[in-house]
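Before any comments, here is the structure.
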Amino acid sequence: MLSINGCFLSDLPNYSSERVLISSPITAHSFLRLRQPTHVIVCVHGLEGNSNDLRSFRVFLEMAMRETRVDFIMSEVNQSNTFADFNIMTDNFIQELFHHLEAFKIQFDRISFIGHSLGNIIIRCALSRRAFRPLVDRLHTFLSLSGPHLGMLYHTNSIVSTGMWVAQKWKKSESLAQLALRDHSDPRQTFLYRLNQNRGLSFFKNVLLVSSVQDHYVPFHSARIEMCKPAVKDTSDLGAVYREMVHNALQPMIEKRDINLVRYNVIHHLPSRNADTIIGRAAHIAMLDSELFIQKFVFANCVKYFL
C-alpha cells in the first residue's frame, strides 16, 4: 500500500482527466495582451545540452499562455563547454540575459526560469550575483527539471557515479567536481554548500521541483531538495554537511510562507530492456524529449504558476 499525499494524472480510460488539455480558441480579449507588459521566461539547458533542449516546454507554454505576452530566452552561451566552472558559466549567462533584455528593449513585469539538470545550478548561482539584483522584485516562477541542487551525494547507481568520476578526471571538469563537493578540502567551503546558503530560491513566488525515481543521473533527493535515508544514517562530517545543505536551502522558503513550493515525481513509460533505462539516462532525457509528458504537465499542472 502506498500512502501518497498528492494527485495522479493517468492515460487509463477509467481514470482520464475531465480537464481539457488544449486551451480554448483565441478570443477578442486576446488582443488586449498587446498592451500588457511582457512575461519573460528564460530556459537554461543542462550538461552537454543546447538551446533547443527545452523547445517543447516553450511550444506548449506558448499554447497554454496564448492570452499572455510572453518572450522566451533560450540560453546558448554555455553550450560549447558545460564542463567549465559554474562561476564562469554564470558570468556568461548573466551577460547573455542582460544583453537580450537591453538589445530588444523588452518591457517586462515578470521573469521566470526553467532549467534542466546542471542548468538549474547556473540559474541559482545567478540569483546570488549583485548584477542580478535589478530583477529580484520581478521574479515569478522557477521550474526545475531534474536539478542536482544538493549535488551528486548518495548516488543510487554505482555505474553512473563511476562514470561521473571518470568524466570529471578525463575532461578535467570543474562543474562535475563542484557537484561532487570535491572542489575544496573542506566541504563547507565548496561551491555547492555556499550556494545553498544563499536565499535565492525564496525570491520566487513559485518553486516547482520536478524529479523522477527512474532518473539515476541526478539523485532523486537532490532534485527534490529533501533528506534521504543514507544521509540520515551517515554519522560522518559529510552526512552533517548534506543535512545542513537541505536546511539552508529550504529554511528561507519556509520562513517566507507566501511562496508555493511544489514537488513532482514523474513516472515515465520507458523501454524495460534498454541500457539507457538501466543506468537511468532515459528518464533524465525524457524530461526534455517526451512530448506526451510535457504537454500534460504544462496544461494540467504547471501553467497556472506562470500566469
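Just so you know, all these numbers are worked out from the coordinates, no wet-lab data involved. Being a predicted model, the structure only gives us computed values, none of them experimental. Methodologically, a virtual Cβ is constructed for each residue, glycine included, from the backbone with ideal geometry; neighbour enumeration extends over all protein chains shown.
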Set of lysines near Lys205 by C-alpha distance (under 18 Å), chain-local residues within fewer than 8 positions excluded: Lys256, Lys304
All-pairs alpha carbon distance profile, region 172-293, 5 Å steps from 0, percent: 2, 10, 16, 18, 19, 17, 12, 5, 1, 0
Cubic angstrom per residue, convex hull over Cα atoms of region 87-212: 117 Å³
Total formal charge among the other residues, if their Cβ is under 15 angstrom from that of Asp258, Lys/Arg +1 and Asp/Glu -1: +2
Radius 15 Å from Cβ of Arg188, net charge of other residues (Lys, Arg +1; Asp, Glu -1): -1
